[in-house]
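Below: one structure, written as structure tokens.
Bear in mind these aren't lab numbers, they're just calculated from the coordinates by the rules spelled out. What you are looking at is a predicted structure, and each value in this text was computed from that prediction instead of being measured. Cβ atoms come from the backbone with ideal geometry, glycine included; neighbour counts cover every protein chain shown.
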């Protein structure tokens, strides 16, 4: 992902849309789609950057990526 923070991305196939949907749960409304898994991922990486830019411009908080807990 370019130089964006590392947010969780969920990608799934949508029969209704006939496309792969990529959602970023930590960033409200941040999602994209594509005809392939790779296309959906590339598109949502761009949308993450745009989401962050817009939040900064509006003075809104930007959540820190949650990441995953690692158990030893």
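If you go through the stretch 11-28 and pick out every residue that is over 8 Å from the mean Cα position of the chain (by Cα) and under 14 Å from residue 40 (Cβ atoms), you end up with 9.
Of all residues in the stretch 50-60, those satisfying the criterion of being surrounded by fewer than 14 Cβ atoms within 10 Å (Cβ to Cβ) and closer than 22 Å to residue 10 by Cα are 50, 53, 54.
Filtered by the rule that a residue be surrounded by fewer than 17 Cβ atoms within 10 Å (Cβ to Cβ), under 24 Å from residue 63 (Cβ atoms) and in contact with a strand residue (DSSP E or B) (Cβ under 9 Å, 6 or more places away or on another chain), the stretch 12-42 gives 12, 25, 41, 42. A search for C-beta distances below 9 Å between a residue of the stretch 22-48 that is touching a residue at least 40 places away in the same chain (Cβ under 8 Å) and any residue that is surrounded by 18 or more Cβ atoms within 10 Å (Cβ to Cβ) and not in a strand (DSSP E or B), counting only pairs 6+ apart in sequence or on different chains, returns 26/7; 45/9; 48/7; 48/9; 48/24; 48/27; 48/30.
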